[in-house]
1. 7 Å from Cα along Cα→Cβ at both residue 143 and residue 85: what's the point-to-point distance in nm?
2. First measure r as the distance between the Cβ atoms of residue 29 and residue 93, then evaluate 1/(1 + (r/R0)^6) with R0 = 30 Å and state the FRET efficiency to the nearest 0.05.
3. Within a Cβ distance under 15 Å of residue 90, other residues only, what is the Lys/Arg minus Asp/Glu net charge?
Amino acid sequence: MLRIFRFGCALLITAATASKTSAETFVSFTNISDRLNFRTKGDFHGAAWLDYDRDGKQDLFVTNGPSHSYPPALYHNLGEGTFANVTVPAGLAEFSRLSGVVTGDLDNDGYEDILLSGDSSRIFVNNNSSVRVLRNQGNGTFANVSADAGIT
């Protein structure tokens, strides 16, 4: 059984198996992150499930922490028990030092948008805001619409 757990800042993806001996049940966990193709640098500080391409499968967006200059990661659910990193083609590789992420359809177009937060002194060059609003363009990419949303 595939389980995904979030403990504070840690994301743990495991496969659980149960075995019975006498009257006791033992559960063991196996890290299957590599099998699912979850490979990223940094720490998992924030995570959000979203269906960014409206294909009916939940995709995963992960931030890599305010102390790391690594970009976040958007993993596209391939529907066969694996995920593909689509951060670069989605236009999300320019962001770094993120700690939080929230998703939702901000403009009611049916596509989930992303709100990012992080360390304003390092996250966004030449800008004092620690928040970014990214509009889902509906074609697999995101556009930074923070200024249009009044966030400067």
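Rule-based calculations on the coordinates, nothing more; no lab input. Nothing here was measured: the structure is a model prediction, and the numbers come from that model. Quick reminder, even Gly has a Cβ in these numbers, built from the backbone with ideal geometry, and neighbours come from all protein chains shown.
1. It works out to 2.8 nm between the two label points.
2. For R0 = 30 Å, the calculated efficiency reads 0.40.
3. Result for the local shell: -4.
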